[in-house]
Amino acid sequence: MAENAPEPASSSSPPDGSSTPPRGSGHDSGPAAGRFRALLREARVWDTGDGGGTSFPAFDPASTPESPLPLFYEWFADAAASGQAEPHAMTLATADADGRPDARTVMLHDADACGWHFATHSTSRKGRHLAANPYASLTFYWNARARAVRLRGPVVPAYASETSADLHARSTGALAAALAGRQSDVLDSRDTLARAYDAAWQRARRDPEAEATTWTGYVVTPDEAEFFQGDAHRQHVRLRYRRGTTDSDVWTKDLLWP
C-alpha cells in the first residue's frame, strides 16, 4: 500500500504552484531525523516477524459475493484466525463543515445489513463533524494477511435503545469511560482526569444500567466498498463495490489498478 504513495513534492516546487514553500518544508538534518529516516527505509511491508514474511492469501475477484458484507465477514474471520491484533480496529475519517478532514482509530461494534456500527460522544470532535457533515469513511488494515478494506458513505445515528444495549453489554470500564464524557475537551491536568474517572468507575459499579447521555451509536451505510489484497509482485488486487443509484440492493463490481 505504501509502495503506491506519490513522490513527495520538492521544497522548490510547492504542490499548490505558489512561489512560497509550504510551512515546515525542507529536510531536518539533525541526528534524530537521520535515525528516523534510517528506520523508515529499513521498514518492510507485510513483515510479521515470522522469518518468512507474510503468506499472501489467494483472492479471486470472480468468485466474490454480489454485495460487500458477506466478503467482509469472511475477511474479518480470516484476519482474526490469522492472529491479527485487534481486527476490529478501524480508521474513521470525517470532515468538518468547512471540509477539513480528520481521522482517528475507533472500534467496530457491528456490521449488518444496515451498515457498519461504531459509537462515540456526540459532543466529541468526530460527533460534531458528523452533525455538520454526516458522511464518513472507514479503513481496516490487516497486515497479517496483507489486506485492507475501505468503505465510505452517509452516516446516521443508531437508535438510542441499540446504543444503550450495546454499551451495557460491554465491560464496566467501557461504561465508566462513557460516563466520564467530555471527549475531545481541553484537559487542565491529569489529576482532573483521575478524579473524573474514579467517580465514573464508582457510578458504573453502583449502577451498571446508568445511561451516558451523550454516548451515541452511528451507522455508516456505505455506497462504496473496496477490498485490497496485497501481492508479492506488487500486482495488488483491488476490488471495488458500488451501490446502485436506483436500487440500493444492487451492487456493481470493478477491478482497480493498484
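Here is a yes/no grid of residues against (1) loosely packed, with under 10 Cβ neighbours inside 10 Å; (2) in a loop (DSSP other than H, G, I, E, B); (3) at pLDDT 60 or above:
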{"residue": "S12", "(1), (2), (3)": "yes, yes, no"}
{"residue": "P15", "(1), (2), (3)": "no, yes, no"}
{"residue": "S18", "(1), (2), (3)": "yes, yes, no"}
{"residue": "H27", "(1), (2), (3)": "yes, yes, yes"}
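Can you name the residue in segment 45-59 that is more than 17 Å from A148 (Cβ to Cβ) and surrounded by 10 or more Cβ atoms within 10 Å (Cβ to Cβ) and, of all such residues, is modelled with the highest pLDDT?
Taking segment 45-59 and keeping what is more than 17 Å from A148 (Cβ to Cβ), we get 49-53.
Subset that is surrounded by 10 or more Cβ atoms within 10 Å (Cβ to Cβ): 50, 53.
On the way: D50: 59, G53: 54.
The extreme case among them is D50.
Test V186 against the criterion of being among the hydrophobic types (A, V, I, L, M, F, W, C) and free of Cβ contacts under 8 Å to residues at least 12 places away in the same chain, and give yes or no. Don't jump to the end; show me each part of the working.
Working: among the hydrophobic types (A, V, I, L, M, F, W, C): yes; free of Cβ contacts under 8 Å to residues at least 12 places away in the same chain: yes.
Here the answer is yes, as V186 does meet what is asked.
The values are calculated or read from the model by the stated rules, or taken from the named source; none is laboratory data. Everything numeric in this text was worked out from a predicted model, so none of it was measured. With ideal geometry, Cβ positions are generated from the backbone for all residues, glycine too; neighbour counts draw on all protein chains shown.
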